[in-house]
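Below is one structure, written out as structure tokens, with a few remarks after it.
What follows is calculated from the coordinates using simple rules that are stated; it is not laboratory data. Keep in mind the model is a prediction, meaning the values are calculated, not measured. Every residue, glycine among them, receives a Cβ derived from its backbone with ideal geometry; neighbour counts consider all protein chains shown.
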Amino acid sequence: MAIGWAATAMSVVMYLSYLDQIARNLHGQKGSWVQPLAAMIACILWGSYGLFRRRIDWPLVLANAPGIMLGGLAAATALR
């Protein structure tokens, strides 16, 4: 159980790194949209898997929620 919550925390930290890319995208230093979009799709799939288990796997769902939001935002701002 503790490993699941530690992995959740590290996943959130990993996806928070998109904030730097988003800021750079908005200031004209465009990054690639491919990797954040792929991460967002993977997070949607893993988050859905966690939600639709017989017993909701909260560490899995919470670990992927920031990746869905920030991955999508990073991909969108890279296209602007």
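Tell me the net charge near Ala76. Cut-off is 15 Å between Cβ atoms, Ala76 excluded, with +1 for each Lys or Arg and -1 for each Asp or Glu. Summing Lys and Arg as +1 and Asp and Glu as -1 gives +3.
Using a Gaussian network model of the chain in which every pair of alpha carbons under 10 angstrom is joined by a spring, one finds that among Ala42, Ala23, Ala65 the greatest mean-square fluctuation is at Ala23. As a proxy for reagent exposure, ranking Ile68, Ile56, Ile41 by other Cβ atoms within 10 Å from fewest up yields Ile56, Ile41, Ile68. Magnitude of the charge dipole for the chain, about its Cα centre and with charges confined to Cβ atoms of Lys, Arg (+1) and Asp, Glu (-1), is about 140 debye.
Rounded to the nearest 500 deg cm²/dmol, what is the calculated helix-only ellipticity per residue at 222 nm for the chain, with -39500 (n - 2.57) per DSSP H run of length n ≥ 4?
Only helices count here, giving -26500 deg cm²/dmol.
By the count of other C-beta atoms within 10 Å, a proxy for reagent exposure, Trp46, Trp58 are ordered fewest to most as Trp58, Trp46.
What is the ratio of the Cα radius of gyration of the stretch 2-79 to 2.2 N^0.38 Å, where N is its residue count, to two decimals? Kindly include the intermediate steps, with their values, before the conclusion.
On the way: Rg = 13.3 Å, N = 78, 2.2 N^0.38 = 11.5 Å.
In units of the 2.2 N^0.38 Å rule of thumb, it is 1.16.
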